[in-house]
Amino acid sequence: MQKFHRRLRHSFLDAFGDTDDEYLSRVQARAIEKPDLVSQNNLLALDMGLDKQFLEDSKTLDFFCGNSVPDDIQPIALVYSGHQFGVWAGQLGDGRALTLGELDIAGELWDVQLKGAGTTPYSRFGDGRAVLRSSIREYLCSEAMHALDINSTRALCLINSSTPVYRESIESAAVVCRVARSHIRFGSFEHHHYRGQTDALKALANYVVERHFPGAEQGRDGYRLMFHNAVLQTARTIAKWQAVGFSHGVMNTDNMSILGDTIDYGPFGFMDHYDAAFICNHSDERGRYAFKNQPSVALWNLNALATALSSLLPSEILIASLECYEHEYQATFLQQMANKLGFSEVVPEDKKLVDQLLSLMQANRVDYCKFFRALCNYHTGGDNRAIRDLFLQPRDFDDWSVSYRKRLNEEALDTSQRAENMLLINPKFILRNYIAQEAIDAAQGGDYRLTQQLLTILQAPFQDHTEFAHYAGTPPDWASALSVSCSS
């Protein structure tokens, strides 16, 4: 343990530690009672230079839940502001998360953060705790996204406790140790912009450029690179969300990473049947963050970031980057969908084919994940009953299949090669809400085995995992009654 924590550094604290409260606050974790390991992520541990037994030591367990942080580590909470559901919310900040430091992984710094370790100056009226149910969802989903090749925070371990937390009912407090390339958000820049803190805004931008774009020039060129990268990477991330049927329930500007990564897993959801109007957050009464709206909301958020950077870059540079968003999003989305359909390259006609398919899937309430996995076994001249039976009106699939078959016949790949490629892009398993709920119910009863099993499955979602094939099937009827809100 000593070897690990001595590898931690604090470049953010080094850069801004003399200006407490302007960027950060020094904080201390609050202990939880009877810490109990729910799950550990051995794949991430390996990347971080830890062995599989790293949490068997009680001192290490105490460290990763915040019960015993060495004196030479100074945890911090970051301040930021943001627009929430399109409305300026003012100052926010890490209300239940503290950053222990950064770890050098192959020359790149990763933040190491504890979520749920107690109050900070930004907790407002909250208790600084995370509950077990939301912690399990974040722990599993962040790893699922990583395995689906979507940039995301990741989770090293999940620890439960006997400490009570009061929400709609009494629940247990849990702590997730998560890592990220950065926890700096669009709202971090908005915070200083709307306070008129131009020098502070500039210093933060300089830090981001120096840390994440080594070799880039300081000043306008570096700021332009930072913003342009945010535009492109955000477009790519949202396009990949759409391609796998994922919705982020709180796409506020304080939940948007400056690097375009997926962060802050509150309410989220993978679609079961395809529905462009799918809303994963029960608290989103107006559907601002409905599935179909997420690409445009991301652009709205990027415009908010551009406004925050207007003291650093002229409007023509900001606008030029923003104008790249739509093209990058469409190109990435169409490439992802072409891959899912088994095409080796994109041709202009593919967009119409994709649009027609999604329209028919909506009308026929076709399970999104099951359809594309089944399509991997499509035969241009054989029996495709297993696929067409997913449609309420199988003839709709038959009609679309005429164009699809024609398109496949233009490809150089044979059936087996195409199927092999498609099986590596269309997951068999996703974190459906009901699956997460089963893990939560078991864990709340003291049984953590399913959480660990699901971690293994979701880290390799393209494999068969035949013993867990039921999790690739049609969701049970009770699954449709589940709802997830901002309460956690």
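Structure notes:
- Just so you know, in segment 227-238 the residues that are surrounded by 23 or more Cβ atoms within 10 Å (Cβ to Cβ) and aliphatic (A, V, I, L, M) include one that is nearest to the chain's Cα centre (by Cα), and it is 238.
- Matching residues, segment 281-296, being of a type outside the set (Ser, Thr, Tyr), touching a helix residue (DSSP H, G or I) at 6+ places or on another chain (Cβ under 8 Å) and either crowded, with 23+ Cβ neighbours inside 10 Å or assigned to a loop (DSSP other than H, G, I, E, B) (or both): 287, 288
Results for (1) modelled with pLDDT under 95; (2) assigned to a loop (DSSP other than H, G, I, E, B); (3) crowded, with 22+ Cβ neighbours inside 10 Å, shown as yes or no for each residue.
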site	(1), (2), (3)
50	yes, yes, no
53	yes, yes, no
63	yes, no, yes
126	yes, yes, no
135	no, no, yes
140	no, no, yes
145	no, no, yes
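- Any pair with Cβ under 7 angstrom, 6 or more apart, that starts in segment 18-32 at a residue that is under 21 Å from residue 160 (Cβ atoms) and ends at one that is of a type in the set (A, V, I, L, M): 29/69; 29/98; 29/114; 29/117; 30/117; 32/173; 32/175
- Scanning segment 3-46 for residues that are β-branched (Val, Ile, Thr), outside any strand (DSSP E or B) and under 27 Å from the mean Cα position of the chain (by Cα) yields a total of 2.
- Note on segment 346-369: among residues that are of a type in the set (Asp, Glu) and part of a helix (DSSP H, G or I), the one that is farthest from residue 272 (Cα to Cα) is 350.
- Residue count, segment 378-419 (criterion: polar (S, T, N, Q), in contact with a helix residue (DSSP H, G or I) (Cβ under 8 Å, 6 or more places away or on another chain) and under 20 Å from residue 336 (Cβ atoms)): 1
- Subset of segment 312-345 [buried (at least 17 other Cβ atoms within 10 Å of the Cβ), outside any helix (DSSP H, G or I) and either of a type outside the set (Phe, Trp, Tyr) or at pLDDT below 95 (or both)]: 312, 313, 342
- Residue check, residue 38 aliphatic (A, V, I, L, M) and within 21 Å of residue 138 (Cα to Cα): yes
- Enumeration of residues in segment 86-123 that are touching a helix residue (DSSP H, G or I) at 6+ places or on another chain (Cβ under 8 Å) and hydroxyl-bearing (Ser, Thr, Tyr): 99
- Looking only at residues in segment 152-193 that are out of contact with any helix residue (DSSP H, G or I) (no Cβ under 6 Å at 6 or more places or on another chain) and among the polar types (S, T, N, Q), the one that is surrounded by the fewest Cβ atoms within 10 Å (Cβ to Cβ) is 169.
- A single member of 380, 415, 451 is closer than 23 Å to residue 149 by Cα and hydroxyl-bearing (Ser, Thr, Tyr), and it is 451.
- Test: residue in segment 216-229 that is closer than 26 Å to residue 143 by Cβ and not basic (Lys, Arg): yes
The values are calculated or read from the model by the stated rules, or taken from the named source; none is laboratory data. On a predicted model such as this, the values are computed, not experimentally measured, just so you know. Here Cβ is always computed from backbone atoms with ideal geometry, including for glycine, and neighbour counts include all displayed protein chains.
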